[in-house]
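Visitor: The structure under discussion is supplied below as structure tokens; questions concerning it will follow.
Coordinate-derived values only; no laboratory data. Given the structure is predicted, the values throughout are model-derived calculations rather than measurements. Heads up, the Cβs are rebuilt from the backbone with ideal geometry, glycines too, and the neighbour counts pull from every protein chain shown.
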Amino acid sequence: MVSMKQHHLLLLSLLSLLFLSAAFSAFAASRQALIGGRWDHIKDAHKSLRAQETGKFAVKEYNKQSGRNLTFVQVVTGETQIVDGTNFRLILAVEDEKQKKLDYEAVVWEDIHRRYRNLTSFRGLLL
């Protein structure tokens with residue numbers, strides 16, 4: 001038969017394991033948030049100065065690389081992803097050379113410490 005002392009010891013051991021499991025889960029979740037990887041919505045991207053500046057950069061860089069002459073109108077929506085810097089995935093409203101309104105998705109990687117941006121991708125969307 002199990003004594004009362006053994007019963008309490010067993011109960012304490014189970015509670016300790018439960019606590020350690022919860023603590024480890026919380027640690028893993030907070031570590032994932034710090035490491036990054038998930039995309040987070042930019043609230044009011046069309047009003048965000050940083051998103052708008054990044055969108056303007058994307059169009060300017062695309063024009064330079066492609067020889068096109070697109071005109072930035074605004075960021076429609078966007079997301080950020082924390083990596084070794086910040087990725088911006090933006091839906092941009094632009095006008096082409098004939099003032100036709102088009103939507104593009106641009107991905108820009110930014111390292112604010114080095115004051116560096118890189119246009120990772122820029123593709124037209126059929127909406």
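Visitor: Using the Karplus equation 6.51 cos²θ - 1.76 cosθ + 1.60 (θ = phi - 60°), what ³J(HN,Hα) coupling, rounded to whole Hz, does each residue of region 69-79 give in order, writing x for Gly and Pro?
Guide: Rounded to whole hertz, the list is 9, 7, 10, 5, 9, 5, 7, 7, 7, x, 9.
Visitor: All other residues with a Cβ under 14 Å from the Cβ of Thr120 taken together, and with Lys, Arg as +1 and Asp, Glu as -1, what is their net charge?
Guide: Net local charge, Thr120 excluded: -3.
Visitor: Kindly list the residues of region 52-73 that lie in the label zone of Tyr116, defined by a backbone N under 18 Å from the point 7 Å along the Cα-to-C-beta vector.
Guide: Hits in region 52-73 for Tyr116 at 18 Å: 58, 61.
Visitor: Something else about it: If you stretched the chain out fully between Trp39 and Lys98, how much longer would it get, using 0.36 nm times the residue separation minus the C-alpha to C-alpha distance?
Guide: 17.8 nm
Visitor: Taking the dipole about the Cα centre of region 32-127, with the C-beta of Lys and Arg at +1 and of Asp and Glu at -1, give me whichever of Asn87, Val73, Trp39 is farthest to the positive side.
Guide: Positive-most Cα among the choices belongs to Val73.
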